[in-house]
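Trainee: The structure's right below; bear with me while I get my questions together.
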Amino acid sequence: MSARTRPMLLQGLVASALGARLLTHAPSAQAEPPGPEGGASSSAVPAARPTKLVGDGGAVAYLVESHELPLVDISISFRSGSTFDPAEKRGLARMFARMLRRGAVGYTADVIEETIDRYGGELSVDTSTSTINIHAQVIRRNLEPFLKLVTAVIAHPTFPEDELGRLRREAVAELIEARDSDRSLATKFFRKAVFGDHPYGRGSSGTTKSIPGITRDDVVAFHAKHFRRGNVVLGIAGDVTRDDVEKLILPLVTALPDGAAIVDPTPAPTMTKGRRLVFVDKPARTQTQILIGGLGTHPKDGDHTSLHVANTVFGGTFTARLMKEVRSVRGWSYGAYSRLPIDRQREAFSMWTFPAATDAAACIALELELLEKFVKEGISDAELGFAKGYLGESYAFDIDTPFKRVRQAVDEELYGLAADYHTAYVEHVRAVPLEGANAALKTRLDLDNLVVVVVGTAADLEEAVKKAIPRLDASEVVSFETE
């Protein structure tokens with residue numbers, strides 16, 4: 001396997017560290033929630049807040065020192081993601097980010113990979129709707145020479161035309177291959193159905209039609225517009241001091257051109273009225289993938305934490321209502337979860353199951369029945385107490401490494417969250433009253449405006465599924481190959 005095709009071992013690590021309890025970005029918004037309950041002592045308290053530094057040109061950096069291991073983790077995050085893709089150039093941000101490892105001044109693509117290996121480092125790039133995150137990890141003794149490479153990759157990429165052509169072909173092949181994943185299809189069509197033409201409905205991967213149209217000029221222009229000092233948020237954790245950060249790491253930022261933070265122009269999403277079915281038709285499916293939901297929460301909602309606590313009762317744990325009724329009682333789906341990710345604008349609420357085709361219609365009917373009861377009747381005092389205890393205790397797993405702690409501060413900066421969004425998380429959870437949790441359900445989860453997305457074989461299931469959805473206003477069948 002050549003160096004340029006070697007898998008990025010840390011691909012996705014940044015996304016998994018972004019405050020996993022509440023903050024999850026498209027296109028991984030349907031990632032499976034945690035399994036069985038467990039956690040540390042409920043007496044655990046948040047660690048000290050990371051040290052904040054402000055660099056040249058408005059760049060912000062956060063530091064968590066930890067000298068237990070001779071390792072340094074650096075996240076370099078930009079306040080720009082796939083929402084900035086022009087409609088006809090979908091996939092541009094992701095293509096640009098992937099090109100960073102394909103060549104820089106003084107480094108070919110192969111030399112970049114060889115240098116990473118030589119220094120015992122890791123370098124990954126992750127693109128979400130609202131951010132581009134670069135994660136670097138290296139042993140402390142190699143920090144200085146490794147940073148030379150990272151600086152070149154970020155500030156002086158060359159974007160070779162031959163590498164861009166190769167990447168375009170790879171990206172198109174990946175899109176075609178992704179059609180084999182029914183879960184990926186469900187996620188894609190669910191987001192399209194909920195968000196429509198809104199940037200959150202487009203995804204970051206592009207299409208087989210848009211990718212070939214992305215040129216080197218497009219990639220160069222994206223770098224010039226978005227990779228500038230004021231648009232950077234750094235997170236540094238591990239075997240470094242504040243003096244190390246100022247002398248060794250902040251020069252990463254000064255290598256970039258001056259410029260203010262980019263203002264995200266993404267508008268608040270709206271949703272088409274009514275209950276709608278989108279049946280993604282794929283031949284010979286014996287199992288289905290089902291997503292049901294609509295618009296969900298925003299971190300600045302006054303009832304944001306209340307809704308999150310209530311949802312934990314419904315579909316956030318291995319013993320939640322959905323899991324109990326769908327899996328334990330009926331055995332229809334190995335998993336059954338509901339999720340409330342967040343972003344800069346309102347994200348989606350979703351329920352996810354994957355029953356056999358023969359159980360799909362009954363499973364959908366049950367989920368809608370459970371959701372209606374959940375919203376109208378709310379949760380009990382005992383369920384509230386369980387959710388608070390579970391969330392309070394398991395929070396320890398969100399801060400059990402220096403990198404996780406520094407990423408919490410980074411995501412507060414990137415997404416405009418309250419300064420105590422994470423550090424006062426347990427306090428906020430424990431303060432949720434029963435009436436607040438139940439009121440949030442009625443306010444935020446709209447039973448009349450829902451999307452049901454099913455990946456299966458339409459000839460076998462469409463009519464049964466339609467009958468299983470009360471008050472269905474519209475339905476359509478789309479090919480799984482539709483983009």
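Residues are listed down the side, and each one gets a yes or a no for (1) more than 25 Å from R405 (Cα to Cα); (2) part of a helix (DSSP H, G or I):
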residue: K225; (1), (2): yes, yes
residue: L234; (1), (2): no, no
residue: K273; (1), (2): yes, no
residue: T297; (1), (2): no, no
residue: L307; (1), (2): no, yes
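Trainee: For the structure I just gave you, tell me whether L322 is among the aliphatic types (A, V, I, L, M), under 29 Å from A458 (Cα atoms), assigned to a helix (DSSP H, G or I) and not assigned by TED's automatic domain parsing to the domain that holds Y200.
Mentor: Numbers: among the aliphatic types (A, V, I, L, M): yes; under 29 Å from A458 (Cα atoms): yes; assigned to a helix (DSSP H, G or I): yes; not assigned by TED's automatic domain parsing to the domain that holds Y200: yes.
Here the answer is yes, as L322 does meet what is asked.
Trainee: Does segment 237-252 include one or more residues that are modelled with pLDDT under 95, among the hydrophobic types (A, V, I, L, M, F, W, C), not in a helix (DSSP H, G or I) and not assigned by TED's automatic domain parsing to the domain that holds V453?
Mentor: yes
Trainee: Looking at (1) within 18 Å of E144 (Cα to Cα); (2) assigned to a helix (DSSP H, G or I), which is the one condition that is false for G120?
Mentor: (2)
Trainee: Condition first: exposed (fewer than 14 other Cβ atoms within 10 Å of the Cβ) and of a type in the set (G, A, S). Now tell me which residues in segment 418-464 satisfy that.
Mentor: A418, A419, A431, A459
Residue-wise test of (1) without any contact (Cβ under 8 Å) to a residue 60 or more places away in the chain; (2) more than 25 Å from the chain's Cα centre (by Cα).
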site	(1), (2)
R141	no, yes
A155	no, yes
D162	yes, yes
E170	yes, no
R183	no, no
Y200	no, no
S205	no, no
L234	no, no
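Trainee: Could you give me the residue pairs with C-beta distances under 9 Å whose first residue belongs to segment 456-469 and is farther than 17 Å from F189 by Cβ, whose second residue is not in a helix (DSSP H, G or I) wherever it lies, and which are 6+ apart or on separate chains?
Mentor: A459/D281; A459/P283; D460/R285; A468/V452
Trainee: Say we look at segment 381-409 and pick out the residues that are of a type outside the set (A, V, I, L, M, F, W, C), in contact (Cβ under 8 Å) with a residue 40 or more places away in the chain and farther than 30 Å from T51 by Cβ; which of these is surrounded by the fewest Cβ atoms within 10 Å (Cβ to Cβ)?
Mentor: D381
Trainee: Of all the residues that make up segment 58-80, how many are in a loop (DSSP other than H, G, I, E, B) and either of a type in the set (S, T, Y) or touching a strand residue (DSSP E or B) at 6+ places or on another chain (Cβ under 6 Å) (or both)?
Mentor: 4
The values are calculated or read from the model by the stated rules, or taken from the named source; none is laboratory data. Model, not experiment: these values are computed from the prediction. We place every Cβ from the backbone using ideal geometry, glycine too, and count neighbours over all the protein chains shown.
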